[in-house]
Structure formats: C-alpha cells, structure tokens
Amino acid sequence: MAVSVKIKLFILVLGIVLLGFVRDYFFMNINWIFLHLTVGRPNQALDEFHFLLNWTPEEINALKWLLTFLFSGLYLLLTWLIIRICFQNPVYNRITLIAYLALTGLALLLYFISLFTGQSDDLYGVIRTLMGLAQSFMPLMILYLLFKFLPKRAE
C-alpha cells in the first residue's frame with residue numbers, strides 16, 4: 001500500500017472516530033434540553049445549546065431526526081470511501097451502500113409501522129438501535145472484516 005493511500009486512510013479513519021465525538025456532543029446536549037422541556041430534568045446542556053430552550057419538544061425531535069440522517073449520511077460516506085480505498089472493488093462499494101440502505105430502510109419501515117399501529121413505545125428501542133448503528137463505525141468494522149476475509153476468486 002502506497003504512503004499516500006495510508007495517509008488518506010489514516011485521515012478517513014480519524015475522521016470517522018472524530019465524527020463520533022461530534023455526534024455525541026450534539027446529541028447529548030440536545031437531549032439535556034429535550035429532557036428539561038419534557039420531564040423537568042435539570043438542564044445541564046452547554047450554554048451554546050440554550051437557544052433550544054425556546055423550541056418545542058416537537059421541533060427538537062425534528063432537529064434530532066434531521067441530525068440523525070445527516071450523521072448517518074456522513075458515516076455512510078466515510079465508510080464507503082474507506083472500503084473503496086482499501087479494496088478497490090466496485091462490488092464491495094455496492095454492498096456497502098446496500099447495507100446502509102437496508103439498515104436505514106428497516107428503521108424507517110419500523111417507524112412507519114409504529115405510527116400506523118400505535119406501537120411507538122414498543123418499537124422505539126429497535127428503531128433507535130438501528131439508527132444508532134448507522135451512526136457509528138460498526139458497519140465499517142463489520143464490512144471491512146467481511147471483505148478482508150472473503151475468499152478471493154481466481155481471475
């Protein structure tokens with residue numbers, strides 16, 4: 001592997017790790033505000049998030065959904081780039097995209113099922129887990145190991 005490729009991979013892997021810290025920074029502070037507004041929990045959010053105290057819980061939920069898809073998209077992009085650079089295999093790139101689409105698609109399907117059936121409380125944990133997985137480096141770890149140890153075809 002060439003030095004420039006190693007540098008690119010280092011930067012991308014560092015980026016995916018740092019993205020986790022940025023995501024936690026936003027969601028932990030937003031969740032403090034949300035819990036303060038909805039259940040009266042003491043507000044421990046950082047000052048830069050206090051403007052959200054003027055928002056409704058519904059607006060904060062909409063923000064959280066927007067950020068969820070934004071961060072999921074960023075994780076998909078970084079995962080796809082790392083897989084592309086490491087393996088240079090278009091099939092692996094498509095599998096990566098399909099895996100993310102399946103993960104988020106299943107979460108969305110369950111979300112809509114929960115809306116139509118009134119089972120939001122029962123399905124929230126599953127939906128949250130699926131979207132939490134999409135916003136992590138776990139798909140990268142799983143796909144990388146899968147692709148690394150797949151038997152190679154004789155060309």
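Just so it is clear, none of the values below were taken in a lab; they were calculated from the coordinates. Everything quoted here is computed from the prediction, not taken from an experiment. Cβ sites come from the backbone with ideal geometry, for glycine too, and all protein chains shown count toward neighbours.
Using a simple spin-label model with points 7 Å from Cα along the Cα→Cβ vector, what separation in nm is obtained for L63 and D24?
About 2.1 nm separates the two model spin labels.
Given that just one value was derived from the coordinates, which of (1) 64, 14, 10; (2) 35, 21, 10; (3) 58, 14, 11 is semi-axes √(5λ) of the Cα gyration tensor in Å?
Structure-derived value, by its label: (2).
In debye, nearest 20, what is the charge dipole magnitude of the range 3-149 about its Cα centre with +1 on Lys and Arg Cβ and -1 on Asp and Glu Cβ, if you could check? Intermediate values should be presented prior to the final figure.
Details: 9 positive and 7 negative charges, 160 e Å.
Taking the Cα centre of the range 3-149 as origin, the dipole is about 760 debye.
Which value in nm describes the separation of the simple spin-label points at K152 and E48, placed 7 Å from the Cα toward the beta carbon?
Distance between label points: 4.6 nm.
By what distance, in whole Å, do the Cα atoms of the range 57-146 stretch along each of the three principal axes, largest value first?
Answer, in whole Å and largest first: 44, 23, 16 Å.
Helix 57-87 versus the longest principal axis of the chain: what angle, 0 to 90°, nearest 10, using Cα atoms?
Between the helix axis and the principal axis of the chain, the angle is about 10 degrees.
So, in Å, what gap is there between the alpha-carbon centers of the range 85-155 and the range 51-72?
Rounded to whole Å, the Cα centres lie 23 Å apart.
Could you point to the residue in F137, N89, L74 farthest towards the positive end of the chain's charge dipole, with +1 and -1 charges on the Cβ of Lys/Arg and Asp/Glu respectively?
Farthest towards the positive end: N89.
Between L145 and F116, how high is the FRET efficiency from 1/(1 + (r/R0)^6) when r is the Cβ-Cβ distance and R₀ = 41 Å? Nearest 0.05.
0.65
What would the Debye formula give as log10 I(q)/I(0) at q = 0.21 Å⁻¹ for the alpha-carbon point model of the range 5-60, no solvent?
For the requested q values the scattering log ratios are -0.73.
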